[in-house]
Amino acid sequence: MTDQPTNASTGPVLLTGASGFVGRRLGAALEEAGHEVRSMTRKPEKYEGAGTATYGDVHDADSLPAALEGCRAAYYLVHSLDSADFERLDAEAATDFGRAAAEAGVEQIIYLGGLGRSDDDLSAHLRSRREVEELLGAAGVPVTVLRAGIVVGHGGISWEMTRQLVDHLPVMVTPQWVRTRTQPIAIDDVIRYLVGVLGHPDARGRVFEVGGPEVMRYADMLRRVAGIRGRPLLLVPVPLLTPGLSSRWLSLVTNVDVTTGRSLIDSMSNEVIVSDDAIRDVVSFEPVGFDEAVRRALAERAADKS
């Protein structure tokens, strides 16, 4: 599945967020690649995904040592976007996790963060992602960061927001952020990168940017999805539509809650495009195009509903 070199280290890999959009796919891919997976969850008795379920909660520091014991690496795939206080919660959780990982002798933490230029006026959401990157490694464990923009796949928040807008609104009042450029990537390709950097000597302690082969504006994404869905779509620009009003409007026409929607919409004022393709030297393959990623997401949704 990847170009991963043989890793001399032994022991399980801890997977946080194991039941989430990325985590449930990653757990299965790691097992397929021959890794022993320990899936951290707050409800191990109800967990049905890949790996061996173990109790742990990033917001409960006392639960982390047992979950991390004996692990050679750990994936950090959790966030608190559904809370108005997500910046504080995520900072505290990352600090505790990084410290516990260091004490457990973990050799590598792998984190999925967000694209966006550091010299840009980043949204609170993207600033928090950057802070988490730093805090995870503050206790000394090398951190491998993959920064991505919109991940296209069934169940992903940003993708579901896009799909539901297209499905529900043939005429869409759009704010300024629809003109922002982004570089969406298929969930399958994100998983391939995440597996590929595990144990790779050229990946430890580095930040990589990942994206699909196309740069487009959010308006172009909406139109492309509408075309694939065979639905009419008229975009009516309203530049004065504020992020607060946008997030409330979003909660009315999609199942994204106001708090999460506000964080995502705030981030859409920032360009999230790849400026450095160094990841290609570590995990080499050709990511699929946007239309194919959309078709895969729609097919998975259809299969999930059948």
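The values are calculated or read from the model by the stated rules, or taken from the named source; none is laboratory data. Everything quoted here is computed from the prediction, not taken from an experiment. Cβ coordinates were reconstructed from backbone atoms using ideal geometry, including for glycine residues, and neighbour counts include every protein chain displayed.
Filtered by the rule that a residue be outside any helix (DSSP H, G or I), modelled with pLDDT of 90 or more and surrounded by 13 or more Cβ atoms within 10 Å (Cβ to Cβ), region 214-253 gives E214, V215, M216, R217. Count of region 162-212 residues, restricted to those that are assigned to a helix (DSSP H, G or I) and at pLDDT 85 or above, is 15. Among the residues of region 22-50, the ones that are over 20 Å from the mean Cα position of the chain (by Cα) and in contact (Cβ under 8 Å) with a residue 24 or more places away in the chain come to 5 in all. Whether any residue in region 125-134 is buried (at least 23 other Cβ atoms within 10 Å of the Cβ), in contact with a helix residue (DSSP H, G or I) (Cβ under 6 Å, 6 or more places away or on another chain) and part of a loop (DSSP other than H, G, I, E, B) is what I want to check. No. Counting only strands (runs of 3 or more DSSP E) that fall entirely inside region 1-118 and contain at least 3 residues that are under 20 Å from V197 (Cβ atoms) and at pLDDT 95 or above, the qualifying elements are 13-15, 37-41, 73-76, 108-114.
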